[in-house]
Amino acid sequence: MARTLIRDLSSHLDETVTVYGWINTLRLQRRMQFVLVRDHTGMVQVTHPRGGEEDWIEAAFEEVTLESAVKITGKVVANPVVKLGGLEILPESVEIVAQAETGLPIDEHTGLDQRLDWRFLDLRRPSQHLVFDVQTTIEQAMRQIADDEGFTELHTPKLMGTASESGAEVFKVGYFDRTAYLAQSPQFYKQMAIAGGIDRVFEIGPVFRAEPSFTSRHATEFTGVDVEIAWIDSVEDVMAFEERMLQRVLATVRAERGEQIAELFGVDVTVPTLPFPRVTMAEALTKLRATGWDPAGEAVDLDPEGERTLSALIAEEYGHEFVFITDFPAEVRPFYHHRRADSADTTSSFDLLWKGVEITTGAQREHRYDVLSAQALEKGMELAPLAQYLDCFRYGTPPHGGFGLGLSRVIMLLLGLPSIREATFLFRGPNRLEP
């Protein structure tokens, strides 16, 4: 008999079906056996009255262990007493496909590190499975709006001959008779595509950062969402696209997954209004120092405490979970960020904070070869290793800008997870390369 998913059982009342799944709960009473079976779509109660010595179903339920893989065939009947959808299955046959060992290594009370050691078991929990259903919904929504707005999706190389961006915090790998580097960012390749006449570039792909960071929001390998847009009038065009994208993504998640998220995570998905609030870095520093942050008055950028405090201030002032911080000082931004015409020390750049955490860095890029070269030299960089990158700007590259967004951070904040590790299928950090 063909498989029936548990979520579809209500349309098969009084029919005989076969469900595949795992044993979630066993309640083996003196007269009745109650077994909860779980698949990736839900849970169903299987109810069986004991039949005695020749009852092979009774014997199977006595033998089976928690988390064993089973196939159960039986009749779907209505039972308003059953909390799981008001129905149950009366079994006609039970097949133990793969018996689980007794004594599971993790349960819902196990600490995160041990759960990550047994990630495949951890993922069987409905809440953990939902994390990646939500991820799928987010990526589909992002790709849809990118397609609607004329973007071309590219897949940039993750092996590079020279270190990207500053050259710091990169992973070196052996590449035949030379050294290669894992890409910190697709930044240079996105700009190469712009120079090649692809006006709007979009990518969802892996990013590698050799940062010895042990915080709840850092990973050495993560999925980045990268966007680059040509022929912009200003960095405002980039921010406007990102806020449109995030509004649409969250509206889609709310419509398709909102009830499940509320049930399993207790989170109400909020769809943000447009536009998102914007504050310059100078304004942000003024607001924060009024609260006692940075008492020495020396900071030119925000630390995590400053990001959290600023987001709380914006939420109180604007009633909004998001805030763009704009106009960062050139000293804290990469050489390829465009400088404002009215202030050579200020870049046309931004960070986007959500619920007190930075999820995006973006900017208008410098598209003029001579200015770009001068800014690299100003940062103490040698031009020779940048030659192929700089060549992209020698033959007429249009004004452009873009951003990079961390997908796992978005999922973490959306679901109220305590760590990015729970928003990642198989987390990689300074102390974790397994499983």
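The values are calculated or read from the model by the stated rules, or taken from the named source; none is laboratory data. Not measured: the values here are computed from a predicted model. We place every Cβ from the backbone using ideal geometry, glycine too, and count neighbours over all the protein chains shown. Note: areas computed on protein heavy atoms with side chains; ligands, DNA, RNA excluded. Shrake-Rupley method; radii C 1.70, N 1.55, O 1.52, S 1.80 Å.
Residues of the range 332-360 being closer than 24 Å to GLY306 by Cα, open to solvent by 30 Å² or more (accessible area, probe 1.4 Å) and either part of a loop (DSSP other than H, G, I, E, B) or in contact with a Lys or Arg (Cβ under 9 Å, 6 or more places away or on another chain) (or both), which ones?
PRO334, ASP345, LYS355, GLU358
Scan the range 410-423 for residues that are in a loop (DSSP other than H, G, I, E, B) and under 18 Å from PRO212 (Cα atoms) and jot them down. Break it down stepwise before answering.
Going residue by residue through the range 410-423, those that are in a loop (DSSP other than H, G, I, E, B) are 416-419.
Correct list: SER419 only.
Step by step: first the residues of the range 11-50, then only those that are of a type in the set (A, V, I, L, M, F, W, C) and buried (at least 19 other Cβ atoms within 10 Å of the Cβ), then the one that is nearest to THR65 (Cα to Cα). Which residue is that?
Taking the candidates together, the pick is ILE23.
For residues that are touching a Ser or Thr at 6+ places or on another chain (Cβ under 6 Å) and part of a loop (DSSP other than H, G, I, E, B), scanning just the range 86-118, find the one that is modelled with the lowest pLDDT.
THR102
Condition first: closer than 28 Å to THR136 by Cα, out of contact with any helix residue (DSSP H, G or I) (no Cβ under 9 Å at 6 or more places or on another chain), assigned to a loop (DSSP other than H, G, I, E, B) and open to solvent by 40 Å² or more (accessible area, probe 1.4 Å). Can you find one or more residues in the range 275-288 that meet it?
No, the range 275-288 contains no residue that is closer than 28 Å to THR136 by Cα, out of contact with any helix residue (DSSP H, G or I) (no Cβ under 9 Å at 6 or more places or on another chain), assigned to a loop (DSSP other than H, G, I, E, B) and open to solvent by 40 Å² or more (accessible area, probe 1.4 Å).
Evaluate the following for LYS83: is it open to solvent by 30 Å² or more (accessible area, probe 1.4 Å), at pLDDT below 95 and either part of a helix (DSSP H, G or I) or basic (Lys, Arg) (or both)? Break it down stepwise before answering.
Details: open to solvent by 30 Å² or more (accessible area, probe 1.4 Å): yes; at pLDDT below 95: yes; either part of a helix (DSSP H, G or I) or basic (Lys, Arg) (or both): yes.
Answer is yes for this residue.
Can you give me the ranges of the strands (runs of 3 or more DSSP E) entirely in the range 1-73 with at least 1 residues that are of a type in the set (A, V, I, L, M, F, W, C) and over 38 Å from the mean Cα position of the chain (by Cα)?
Values: elements: 16-28, 32-39, 42-49.
Those strands (runs of 3 or more DSSP E) span 16-28, 32-39.
Considering only residues that are polar (S, T, N, Q), closer than 19 Å to GLY406 by Cα and either without any contact (Cβ under 8 Å) to a residue 60 or more places away in the chain or not in a helix (DSSP H, G or I) (or both), which ones fall in the range 217-269?
Listed by number, the residues that qualify are THR220, THR223, GLN247.
If you go through the range 382-411, how many residues are of a type outside the set (A, V, I, L, M) and open to solvent by less than 20 Å² (accessible area, probe 1.4 Å)?
Applying the first criterion (of a type outside the set (A, V, I, L, M)) to the range 382-411 yields 382, 385, 388-389, 391-404, 406, 408-409.
From the residues that got through so far, the ones that are open to solvent by less than 20 Å² (accessible area, probe 1.4 Å) too are 389, 393, 397-398, 400-403, 406, 408.
Residues meeting the conditions: 10.
Among the candidates ALA312, ALA296, which residue alone is over 13 Å from PHE350 (Cβ atoms), open to solvent by 50 Å² or more (accessible area, probe 1.4 Å) and assigned to a helix (DSSP H, G or I)? Outline the logic, then answer.
Details: ALA296 fails: assigned to a helix (DSSP H, G or I).
Of ALA312, ALA296, the one residue that is over 13 Å from PHE350 (Cβ atoms), open to solvent by 50 Å² or more (accessible area, probe 1.4 Å) and assigned to a helix (DSSP H, G or I) is ALA312.
What are the pairs, 6+ residues apart or on separate chains, where a residue within the range 412-435 that is more than 14 Å from HIS218 (Cβ to Cβ) and open to solvent by 60 Å² or more (accessible area, probe 1.4 Å) has its Cβ under 7 Å from a residue that is in a helix (DSSP H, G or I) and among the hydroxyl-bearing types (Ser, Thr, Tyr)?
Qualifying pairs under 7 Å: none.
If you go through the range 195-206 one residue at a time, do you hit one that is closer than 28 Å to VAL279 by Cα, open to solvent by 50 Å² or more (accessible area, probe 1.4 Å) and modelled with pLDDT of 95 or more?
yes
Which of the numbered conditions does THR136 fail, given that it passes all the others? Conditions: (1) without any contact (Cβ under 8 Å) to a residue 60 or more places away in the chain; (2) of a type in the set (Val, Ile, Thr); (3) not in a helix (DSSP H, G or I).
Just one mismatch for THR136, condition (3).
Output the number of the condition that ALA146 fails; it satisfies all remaining conditions of (1) open to solvent by 40 Å² or more (accessible area, probe 1.4 Å); (2) of a type in the set (Gly, Ala, Ser); (3) within 18 Å of the chain's Cα centre (by Cα).
So the condition that ALA146 fails would be (1).
Just the residues that are surrounded by fewer than 22 Cβ atoms within 10 Å (Cβ to Cβ) and acidic (Asp, Glu), please, taken from the range 227-263.
Residues satisfying the conditions are ASP233, GLU236, ASP237, GLU243, GLU256, GLU259, GLU263.
Which residues, counting only those in the range 122-160, are more than 15 Å from GLU203 (Cβ to Cβ) and aromatic (Phe, Trp, Tyr)?
PHE132
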